[in-house]
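Quick notes on the structure that follows.
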Amino acid sequence: MLDFLVLYSSNTGNTKMVATSVFNAIPGTAKELCDFKDFHYDREAKIYFVGFWTNRGSCDISVLNLLSSLHGKKVALFGTCGMGNTTAYFHAVAGNVAAFIPEDCEYLGSFLCQGRMPAQILSKYKILKKQNPAEGTFIDQMIATFSEASTHPDENDLIDAQNFVGTILNRCGGAL
């Protein structure tokens, strides 16, 4: 059994970047980094760092399935959000995902940061603006958020992810 398993689902590469940063911050060699696409449920760990990209305020089904299958484990969440860059939004998304962690697990906390969105999202916003001129201000805000997200996750986000790992390890007292 591993001490740490860092699992991630990444749609655009953002969450993979954060997962790599999380993995690199974990000391020792009894750890593994794995994309959900390559994960087989025969791997077990004492602490799971589970990463996801945000999809409509939650995560994709592969993450929900894994979380629901864990029992008696320590679980920390991390993820990326294209449309949100507020503590309140990150907290809400983490709560939506954490709701799928079974009660016999120990939820250790979460880290979320902004992530760049695919170019087709910007195209969609521009079409919406043309089709709905009355919603122009709201759509302009969405376009501004798209632009802001284009540089994330950045170096500060990756450092924050590593600091999150330190917080989790301290919370566990170094004892697994």
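Please find, within the range 134-152, the residue that is least open to solvent (accessible area, probe 1.4 Å) out of those that are in contact (Cβ under 8 Å) with a residue 24 or more places away in the chain and among the hydrophobic types (A, V, I, L, M, F, W, C). Break it down stepwise before answering.
Let us first name the residues in the range 134-152 that are in contact (Cβ under 8 Å) with a residue 24 or more places away in the chain, namely 142, 145-146, 148-152.
Then drop every residue that is not among the hydrophobic types (A, V, I, L, M, F, W, C), which leaves 142, 146, 149.
Working: Met142: 33, Phe146: 27, Ala149: 0 Å².
Going through the qualifying residues, I end up with Ala149.
Check every one of the helices (runs of 4 or more DSSP H) wholly within the range 109-172 and list those with 1 or more residues that are of a type in the set (Asp, Glu). Give the steps one after another, and end with the answer.
On the way: elements: 119-131, 136-149, 155-171.
Hits in the range 109-172: 136-149, 155-171.
Which is open to solvent by 20 Å² or more (accessible area, probe 1.4 Å) and among the small types (Gly, Ala, Ser), of Gly51, Gly57, Gly72, Gly84?
Numbers: Gly51 fails: open to solvent by 20 Å² or more (accessible area, probe 1.4 Å); Gly57 fails: open to solvent by 20 Å² or more (accessible area, probe 1.4 Å); Gly84 fails: open to solvent by 20 Å² or more (accessible area, probe 1.4 Å).
The conditions single out Gly72.
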Exercise. Going by the conditions given, is Ile47 aliphatic (A, V, I, L, M) and touching a residue at least 60 places away in the same chain (Cβ under 8 Å)?
Worked result: yes
For this session: Could you list all residues from the range 15-31 that are within 21 Å of Asn65 (Cβ to Cβ) and of a type outside the set (A, V, I, L, M, F, W, C)?
Result: Thr15, Lys16
Seminar exercise, completed: Expected output for the range 1-27 (first residue free of Cβ contacts under 8 Å to residues at least 40 places away in the same chain and in a loop (DSSP other than H, G, I, E, B), partner open to solvent by less than 10 Å² (accessible area, probe 1.4 Å) and not aromatic (Phe, Trp, Tyr), Cβ below 9 Å, 6+ apart or cross-chain) is Gly13/Gly115
Exercise. Restricting the search to the range 90-124, which residues are within 19 Å of Thr145 (Cβ to Cβ), touching a helix residue (DSSP H, G or I) at 6+ places or on another chain (Cβ under 9 Å) and crowded, with 19+ Cβ neighbours inside 10 Å?
Worked result: Leu112, Cys113, Gln114, Gly115, Arg116, Met117
For this session: Please find, within the range 153-175, the residue that is nearest to Thr80 (Cα to Cα) out of those that are open to solvent by 30 Å² or more (accessible area, probe 1.4 Å) and touching a Gly at 6+ places or on another chain (Cβ under 8 Å).
Result: Thr167
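The values are calculated or read from the model by the stated rules, or taken from the named source; none is laboratory data. Bear in mind that the values here come from a model prediction, so they are computed numbers and not experimental data. Please note: Cβ atoms are built from the backbone with ideal geometry, for glycine as well, and neighbour counts cover all protein chains shown. All accessible areas refer to the heavy atoms of the entire protein, side chains included, with ligands and DNA or RNA removed. Shrake-Rupley method; radii C 1.70, N 1.55, O 1.52, S 1.80 Å.
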